[in-house]
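Reading through the structure tokens given below for one structure.
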Amino acid sequence: PKLGSEFIMAKTGGIIELYSSDVNTGALKLLSTTKVFSNIRDITNIRHQGSKRDHIVVASDAGSITLFKFGDKSTNYAAQQQQCEIFGMTGVRRPVPGQYVASDPKGRAICIAAIEKQKLVYVMNRDTQDNVTISSPLEAHKAGTITFDLVGVDVGFDNPVFAALELSYADADQDHTPAAAENAKKHLTYYELDLGLNHVTRRWTCPVSRKACVLAAVPGGSDGPSGVLVGSEDEVSYWDESQADSPVSVKLPRRVHHPASEPTLVTSITVHKQKKNKFFAIVQTELGDAFKITLTTSSDKVMGMRAQLIDTLPVAASMNVTKMGLLFLAADFGDHHLYQLEQSIIGLPGSVESTDATKDPPTFLPRAVLQNMRVIDTLSNSCATTGLMVGEFAGGESSPQIYALCGRGPRSALRVMRHGAGISQLAVTDLPGTPSGLFTVRGSEGDEDDKYIVVSFADATLVLSVGESVEEVSDSKMVTDAPTISCSRLADGGIVQVHPNGIRHVKSDGQTFKDWQCPGLKKVGAASCNGNQVLVAYAGEAGEVAYFELDESMSLNLKTEKRLGAEVTCVDVGVVPKGRNRSMFAAVGSPDAVKVYSLSPHDLLSNRSTAAVQGRPVSACMVDMVGDGSVTLSIGTDTGIMQQTNLDAQSGAMSGNPTKRFLGAGRVEASRATVDGRSCGVMLSSRPWISFLSANTGGVVTAPLSYARLDHACGFASSVVSEGLVATSGSELHILTVEDVETKFNETVVPLRYTPRQMCLINGSLAIVEADARDTGEAGKVKLGYGSSAAPSGGGAGGGGGDG
């Protein structure tokens with residue numbers, strides 16, 4: 001990946017997803033998806049000394065620890081495995097390491113730990129090819145202990161140290177009375193890796209609060225005092241070997257109406273390093289309240305701590321702050337969020353704060369509106385799903401929907417998921433009849449916006465101008481009393497229109513035109529054109545075609561005619577590549593095959609390759625999806641099958657085995673469009689589909705679009721819609737935009753107030769049962785000053801119960 005870029009990696013079961021954050025907007029973009037074919041237990045990053053990029057360490061239920069890195073843009077950011085070290089049994093078991101993974105901040109070692117007893121430490125090295133490798137494991141086992149958390153302590157360039165939060169149950173195993181279990185102590189333990197002797201020792205241990213459950217490393221060396229922050233009930237404490245006799249702690253502010261008998265547990269801590277050796281920690285409780293923790297130091301010794309309320313966020317499974325001040329929160333329930341830390345977080349003026357651990361902490365009323373953070377982007381998350389129904393309940397759609405009850409408390413929702421990329425409908429206009437074809441025509445050469453939408457009917461053509469509104473044009477000089485078979489903007493600034501009786505070339509001045517009529521009684525049955533070329537096929541079984549080119553005098557000249565010997569069912573000449581004067585190939589369909597012909601002046605209309613087709617070809621579309629000159633040929637048939645094959649950019653030969661896919665019960669109409677800056681193919685059958693080059697897989701992918709059936713579609717661009725589609729459905733004209741072609745499902749989210757428990761279908765309506773334990777209800781929340789229980793976007797109280 002590019003140096004200096006912000007990347008966020010999320011693990012979801014057996015999949016690792018790599019995201020980048022846009023430099024200007026901060027929005028997340030999915031770069032790659034890697035399947036590891038195992039259940040990921042924990043993951044961390046490590047940067048070896050001298051390296052300019054991070055490596056990823058993954059512990060899974062495969063009984064191994066894997067080290068890998070991500071490639072650059074040329075490899076589509078693919079994950080590249082560096083080493084896989086097997087250490088034990090598979091599965092998620094208490095004594096099998098992998099539940100916790102921690103790395104040395106200086107990149108010299110990693111430690112993995114099991115829930116019970118076992119810990120393994122690996123030393124990082126480099127091989128002769130300068131690749132980062134891991135050594136054989138060094139044991140740091142301790143029988144009769146349960147590990148709650150593990151972090152790498154920042155000790156500068158001293159021997160690496162790992163801190164573990166452990167509970168010893170050895171005495172309780174011998175004494176089975178309840179008192180022995182209650183008296184079992186929890187300890188903070190330092191494990192030191194001696195790089196000289198190559199072994200691990202228990203360097204230091206001290207008892208901590210029995211309720212402690214989470215650790216975070218404090219910057220050390222020249223950046224800070226070192227040590228760790230320990231989160232427990234209602235407080236955060238600082239511990240280090242150098243201050244073992246004088247730990248520092250601070251009590252967190254409490255909610256006004258939260259019962260004093262119920263402590264609040266700290267569940268997540270992350271540390272943000274700033275410039276000039278400054279840093280602060282963000283701590284979150286089980287209720288979702290986030291606090292800023294700052295340390296007061298003197299001569300590298302921590303003298304005090306201060307806790308300040310930031311905002312109330314969704315309860316996090318994990319939090320991380322990037323160097324640019326972006327907080328990525330992987331939520332325990334509901335959507336994940338990316339936040340921008342506002343400038344106010346530096347001082348937090350007017351915020352509720354606590355500095356004394358001996359006094360009762362101040363109280364605060366949780367707020368639903370974020371004040372010190374701003375939501376930049378959101379990643380959809382259906383965890384936890386409490387109910388599911390699948391069926392075509394909406395009516396009139398071509399595929400069933402998934403109805404899922406997700407989330408907990410005020411962050412729960414009903415998610416209606418549909419297979420395919422989402423489409424936004426911008427406008428719908430009634431047409432005077434049912435169209436038989438649809439085309440868009442750009443403005444002058446180099447213009448990125450379309451000037452006309454040409455709608456063809458059975459016996460007429462309707463020309464619409466594109467501006468602030470779409471209006472009918474009566475002076476376009478195009479033929480309007482006959483259907484249009486093909487239409488395009490020419491390189492001379494004029495317009496070429498192919499109709500059953502011939503070709504009309506409207507000059508660039510928009511007032512003069514020149515007609516070419518079909519010889520004798522012949523009629524045009526199929527045609528295709530681009531900026532410089534026109535290929536027409538006469539109707540009939542003889543399969544006669546005529547090829548035209550725009551010459552230097554900006555006139556369309558007939559170059560050649562040829563009898564192909566079989567009826568022509570469809571043709572396509574593609575688009576003219578940048579830097580060239582013509583498209584080098586044309587695809588011509590016959591009743592049982594599609595042939596590729598050369599358009600080179602030296603061997604005009606010579607056959608280069610042939611593809612056998614299952615069914616009768618009714619459409620063909622050549623698209624340069626990769627951008628290297630190679631062309632993907634998509635063929636649509638009357639049986640609903642779409643066939644794709646790659647054409648060599650030089651010879652026109654078909655390479656590899658063709659890909660076939662059944663798209664629906666209707667005939668497949670293929671056309672070109674631009675979506676997300678990518679050249680795509682749009683296929684229409686009983687439902688719309690889009691074919692594009694996937695940034696995740698690096699290959700051509702054909703995916704459905706979540707929309708009603710469309711009859712005709714083509715690319716569309718205007719001052720309002722930079723990359724969209726114009727389509728017809730019945731007698732309606734639709735202007736659409738595709739939201740994200742990489743998404744496999746799009747969803748409609750209906751917020752709920754309480755945790756959904758059950759749902760059922762009653763007379764066409766969906767009935768949902770919601771319930772939460774110890775909830776005061778809507779009226780009770782308003783009375784207590786909390787307002788509505790519905791959580792705001794990206795915020796809101798994360799806890800349930802009486803606090804809402």
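Of the numbered criteria (1) open to solvent by 30 Å² or more (accessible area, probe 1.4 Å); (2) free of Cβ contacts under 8 Å to residues at least 24 places away in the same chain; (3) under 34 Å from the mean Cα position of the chain (by Cα), the one Ser382 fails is (2). Exactly one residue out of Gln340, Gln371 is open to solvent by 40 Å² or more (accessible area, probe 1.4 Å), modelled with pLDDT of 85 or more and in a strand (DSSP E or B): that is Gln340. Checking Gly446, Gly433, Gly391, Gly420 one by one, the residue that is open to solvent by 40 Å² or more (accessible area, probe 1.4 Å) and either in contact with an Asp or Glu (Cβ under 9 Å, 6 or more places away or on another chain) or not basic (Lys, Arg) (or both) is Gly446 and no other.
To keep it simple, each residue is scored yes or no on (1) of a type in the set (Lys, Arg); (2) more than 19 Å from Cys206 (Cβ to Cβ).
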{"residue": "Val155", "(1), (2)": "no, no"}
{"residue": "Ala163", "(1), (2)": "no, no"}
{"residue": "Asp171", "(1), (2)": "no, no"}
{"residue": "His176", "(1), (2)": "no, yes"}
{"residue": "Ala181", "(1), (2)": "no, yes"}
{"residue": "Lys185", "(1), (2)": "yes, no"}
{"residue": "Asp194", "(1), (2)": "no, yes"}
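Restricting the range 210-236 to residues that are touching a residue at least 60 places away in the same chain (Cβ under 8 Å) and of a type in the set (Ser, Thr, Tyr) leaves a set whose member that is farthest from Pro160 (Cα to Cα) is Ser222.
Within the range 176-195, is even one residue exposed (fewer than 15 other Cβ atoms within 10 Å of the Cβ), touching a strand residue (DSSP E or B) at 6+ places or on another chain (Cβ under 8 Å) and over 22 Å from Ser232 (Cα atoms)? Yes; the residues of the range 176-195 include at least one that is exposed (fewer than 15 other Cβ atoms within 10 Å of the Cβ), touching a strand residue (DSSP E or B) at 6+ places or on another chain (Cβ under 8 Å) and over 22 Å from Ser232 (Cα atoms). Would you check which residues across the range 696-741 are modelled with pLDDT under 90 and among the polar types (S, T, N, Q) and list them? Asn696, Thr697, Ser706, Ser718, Ser719, Ser722, listed by residue number. Considering the range 288-323, the residues that are under 25 Å from Thr12 (Cβ atoms) and of a type outside the set (Gly, Ala, Ser) include one that is most open to solvent (accessible area, probe 1.4 Å), namely Lys323. Residue count for the range 677-710, restricted to those that are farther than 17 Å from Ser399 by Cα and either part of a strand (DSSP E or B) or in contact with an Asp or Glu (Cβ under 7 Å, 6 or more places away or on another chain) (or both): 13. Taken over the range 724-770, the residue count meeting the criterion of being under 13 Å from Cys406 (Cα atoms) and hydrophobic (A, V, I, L, M, F, W, C) is 6. Only one of Ala172, Ala143 is part of a loop (DSSP other than H, G, I, E, B) and open to solvent by 10 Å² or more (accessible area, probe 1.4 Å). Can you tell me which? When all the criteria are applied, what remains is Ala143. Of the residues Val455, Val506, Val498, only one is in contact with a Cys (Cβ under 8 Å, 6 or more places away or on another chain) and either open to solvent by less than 10 Å² (accessible area, probe 1.4 Å) or of a type in the set (Lys, Arg) (or both); which? After ruling out the rest, the residue left standing is Val498.
Filtered by the rule that a residue be free of Cβ contacts under 8 Å to residues at least 60 places away in the same chain and either surrounded by 23 or more Cβ atoms within 10 Å (Cβ to Cβ) or out of contact with any Asp or Glu (no Cβ under 8 Å at 6 or more places or on another chain) (or both), the range 249-263 gives Ala260, Ser261, Glu262. The residue that is farthest from Asp194 (Cα to Cα), counting only those in the range 110-131 that are open to solvent by 20 Å² or more (accessible area, probe 1.4 Å) and not in a strand (DSSP E or B), is Gln129. Being of a type in the set (A, V, I, L, M) and either open to solvent by less than 40 Å² (accessible area, probe 1.4 Å) or closer than 30 Å to Lys142 by Cα (or both) is the requirement here; does Val58 meet it? When the stated conditions are applied, Val58 passes them.
Restricting attention to the range 291-337, the residues that are assigned to a strand (DSSP E or B), at pLDDT 90 or above, among the hydrophobic types (A, V, I, L, M, F, W, C) and under 25 Å from Ser20 (Cα atoms) add up to 9. In a residue-by-residue description of the range 17-30, the property of being open to solvent by 50 Å² or more (accessible area, probe 1.4 Å) and in a strand (DSSP E or B) applies to at least one position. Scanning the range 231-260 for residues that are of a type in the set (S, T, N, Q), in a loop (DSSP other than H, G, I, E, B) and touching a Lys or Arg at 6+ places or on another chain (Cβ under 8 Å) returns a single hit, Ser232.
Entry remark, the range 516-543: residues being open to solvent by 40 Å² or more (accessible area, probe 1.4 Å), touching a residue at least 24 places away in the same chain (Cβ under 8 Å) and not small (Gly, Ala, Ser) number 2 in total. Ile269 meets each of the listed conditions (1) touching a Phe, Trp or Tyr at 6+ places or on another chain (Cβ under 9 Å); (2) of a type in the set (Val, Ile, Thr); (3) surrounded by 21 or more Cβ atoms within 10 Å (Cβ to Cβ) apart from (1). Take Asp149 and tell me if it is in a strand (DSSP E or B) and open to solvent by 10 Å² or more (accessible area, probe 1.4 Å). The answer is yes for Asp149. Which one is least open to solvent (accessible area, probe 1.4 Å) among residues in the range 635-652 that are in a loop (DSSP other than H, G, I, E, B) and either closer than 16 Å to Ile690 by Cβ or at pLDDT 90 or above (or both)? Per the stated criteria, the residue is Gly640.
For the subset of the range 46-74 comprising residues that are outside any strand (DSSP E or B) and among the hydroxyl-bearing types (Ser, Thr, Tyr), which member is nearest to Ser103 (Cα to Cα)? Taking the candidates together, the pick is Ser51.
For the range 75-95, residues that are assigned to a loop (DSSP other than H, G, I, E, B), more than 23 Å from Asp54 (Cβ to Cβ) and touching a Ser or Thr at 6+ places or on another chain (Cβ under 8 Å) total 0.
Is it the case that some residue within the range 748-770 is assigned to a loop (DSSP other than H, G, I, E, B), aliphatic (A, V, I, L, M) and open to solvent by 60 Å² or more (accessible area, probe 1.4 Å)? No, because not a single residue in the range 748-770 is assigned to a loop (DSSP other than H, G, I, E, B), aliphatic (A, V, I, L, M) and open to solvent by 60 Å² or more (accessible area, probe 1.4 Å). If you check Thr363, Thr358 for being out of contact with any Cys (no Cβ under 6 Å at 6 or more places or on another chain), surrounded by fewer than 19 Cβ atoms within 10 Å (Cβ to Cβ) and without any contact (Cβ under 8 Å) to a residue 12 or more places away in the chain, only one passes: Thr358. Taking the criterion of being at pLDDT 90 or above and in a loop (DSSP other than H, G, I, E, B), the residues of the range 261-280 that qualify are Pro263, Thr264.
The values are calculated or read from the model by the stated rules, or taken from the named source; none is laboratory data. The shown structure was predicted, so the numbers you read here are calculated from the model rather than taken from an experiment. Reconstructed Cβ throughout: ideal geometry from the backbone, glycine too, with neighbour counts over all protein chains shown. When the accessible area is computed, the model is the full protein with side chains, heavy atoms only, and any ligands, DNA or RNA have been set aside. Shrake-Rupley method; radii C 1.70, N 1.55, O 1.52, S 1.80 Å.
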